[in-house]
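Everything below concerns the one structure shown next.
The values are calculated or read from the model by the stated rules, or taken from the named source; none is laboratory data. Owing to the predicted nature of the structure, the values given are computational and were not obtained by experimental measurement. Every residue, glycine among them, receives a Cβ derived from its backbone with ideal geometry; neighbour counts consider all protein chains shown. Please note that ligands, DNA and RNA were not included when accessible areas were found on the heavy atoms of the full protein model with its side chains. Shrake-Rupley method; radii C 1.70, N 1.55, O 1.52, S 1.80 Å.
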Amino acid sequence: MAAGPAEALTDEEAMDFAVVLAGRGPVTGPNPRVGCVITATDGTELGRGWHRGAGTPHAEVAALTDARERGNEVVGATAHVTLEPCNHTGRTGPCAGALTDAGIGRVRYAVVDPGDASAGGAATLNARGIPAEHTPHGGAEALTARWRRAMTLGRPYVIAKWAATLDGRMAAADGTSFWITGEDAREHAHQVRGTVDAIAVGTGTVEIDDPSLSARPGGVEAGHQPLRVVVGSRPTEDAAVWRDENALRVDSHAPRDVLAALWQREVRSLVVEGGPTLLSAFLRAGLVDEVHAYIAPALLGAGPTVVTDLGIGTMTDALRGQDVTVTRLGADTLVIAHLPGGI
Ligand SMILES: NC(=O)c1ccc[n+]([C@@H]2O[C@H](COP(=O)([O-])OP(=O)(O)OC[C@H]3O[C@@H](n4cnc5c(N)ncnc54)[C@H](OP(=O)(O)O)[C@@H]3O)[C@@H](O)[C@H]2O)c1
């Protein structure tokens, strides 16, 4: 929906539009994608804005600025925001304060802010006599799902990704894994790399595969390149991953410490790409939110399996994914499964 400035919007249409605006924000980085539309009491749109990434104005401030630049008066107006206005001073000031100062009369927000520091904007607004109403919106929830889980858990959202044969092998007996899957599957994986803040592999994968860990959808370097992370202690100085300065070693075998180090670097989403030792450690620690398994119609009969011992002894304890999607990618099949509770 592309509402024009003079078009009157219902509350629902204004929030739909705010969600569209939110979707224009960057998918990576420490901040969520947020949109805001300000309407007059008759539904006329007065201002619109969205958050363009850390350090830039939040959506509410962008919408207030837009209204001012368009010469529109916002006193008594309604702000439709896809995320609860923040209540804290980070790189920018609190949005609850900006809305109050502008004289906004009413606020509707689609998603509750789970952040320890930033939450509470709605309570602040209500206490100031500006009704702030939570009106859930599926689109706004979907746009912020990974970010909200990361903020709730205080660690990056983790995707465990692998390519495997029908018999669950990640590599052949000689260690070769190029290429288990075909071009379509590899292209998909490059697209996913472009949507996260970091990619991690263990030193074993660096030693055997020497991956560059860059995002190259369509064979072209993506504008956003995730932080390349190597986990483990053995020397890997000559590896391709170090040719780019956007790379980091975490010398630890404790997945939780790896995530803490990445959190410090403002990483909010991570793909763990292997190998089996690192993937198993993250699964065993209950630190995987989503699995991306690319399955090739091939059999090897020998070679490392994707996952080693998870400490599961009986079928009823099996890790089972939810919200499963299955996608054919050429001859291969991608299975995406969510592990909402971790293990
Ligand atoms: N098909 C695929 O999708 C795929 C993807 C990646 C790799 N692979 C294949 O996987 C094979 C490599 O397997 P791998 O298991 O050696 O690779 P890996 O998991 O990448 O690396 C293992 C190394 O990481 C370090 N490490 C990090 N966290 C650890 C922990 N919690 N526990 C123990 N060690 C930890 C250790 O090295 P330090 O001693 O240095 O600390 C360990 O030897 C290769 O054949 C590669 O081709 C396949």
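Whether a residue is assigned by TED's automatic domain parsing to the domain that holds Asp209, touching a helix residue (DSSP H, G or I) at 6+ places or on another chain (Cβ under 7 Å), open to solvent by 10 Å² or more (accessible area, probe 1.4 Å) and more than 8 Å from the ligand (Cβ to nearest atom) was assessed, and Ala261 does not pass this test. In this entry, Gly76 passes the filter for residues that are modelled with pLDDT of 95 or more, open to solvent by 20 Å² or more (accessible area, probe 1.4 Å), touching a Gly at 6+ places or on another chain (Cβ under 8 Å) and not in a helix (DSSP H, G or I).
Of all residues in region 302-338, which are open to solvent by less than 70 Å² (accessible area, probe 1.4 Å), of a type outside the set (Val, Ile, Thr) and in a strand (DSSP E or B)? The answer is Leu329, Asp332, Leu334, Ala337, His338. Residues in region 201-249 that are over 20 Å from the mean Cα position of the chain (by Cα), more than 16 Å from the ligand (Cβ to nearest atom) and of a type in the set (Lys, Arg): Arg243 alone.
Inspect all residues belonging to region 39-56 and state whether any of them is closer than 30 Å to Ser269 by Cβ, hydroxyl-bearing (Ser, Thr, Tyr) and within 16 Å of the chain's Cα centre (by Cα). It would help to see each step written out before you state the result.
Going residue by residue through region 39-56, those that are closer than 30 Å to Ser269 by Cβ are 48-56.
Okay, now just the ones that are also hydroxyl-bearing (Ser, Thr, Tyr), so 56.
Now restrict to residues that are within 16 Å of the chain's Cα centre (by Cα): none.
No.
Residues are listed down the side, and each one gets a yes or a no for (1) in a loop (DSSP other than H, G, I, E, B); (2) closer than 10 Å to Gly202 by Cα; (3) free of Cβ contacts under 8 Å to residues at least 60 places away in the same chain:
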{"site": "Gln225", "(1), (2), (3)": "yes, no, yes"}
{"site": "Val229", "(1), (2), (3)": "no, yes, yes"}
{"site": "Asp238", "(1), (2), (3)": "yes, no, yes"}
{"site": "Trp242", "(1), (2), (3)": "no, no, yes"}
{"site": "Ala260", "(1), (2), (3)": "no, no, no"}
{"site": "Glu266", "(1), (2), (3)": "yes, no, no"}
{"site": "Ser280", "(1), (2), (3)": "no, no, yes"}
{"site": "Leu283", "(1), (2), (3)": "no, no, no"}
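The residue of region 120-141 that is surrounded by the most Cβ atoms within 10 Å (Cβ to Cβ), among those that are part of a loop (DSSP other than H, G, I, E, B) and over 27 Å from the mean Cα position of the chain (by Cα), is Ile130.
Against the numbered list (1) open to solvent by less than 40 Å² (accessible area, probe 1.4 Å); (2) assigned to a loop (DSSP other than H, G, I, E, B); (3) assigned by TED's automatic domain parsing to the domain that holds Pro297, Ala173 comes up short only at (1). Restricting attention to region 282-301, the residues that are aromatic (Phe, Trp, Tyr) and either open to solvent by 40 Å² or more (accessible area, probe 1.4 Å) or over 26 Å from Ala150 (Cα atoms) (or both) total 0.
Please work out if Ala247 is aliphatic (A, V, I, L, M) and closer than 29 Å to Thr165 by Cα. Considered against the rule, which asks whether it is aliphatic (A, V, I, L, M) and closer than 29 Å to Thr165 by Cα, Ala247 comes out as no.
Return yes or no: is Ser252 within 17 Å of the chain's Cα centre (by Cα), open to solvent by less than 60 Å² (accessible area, probe 1.4 Å) and either under 26 Å from Leu166 (Cα atoms) or not β-branched (Val, Ile, Thr) (or both)?
no
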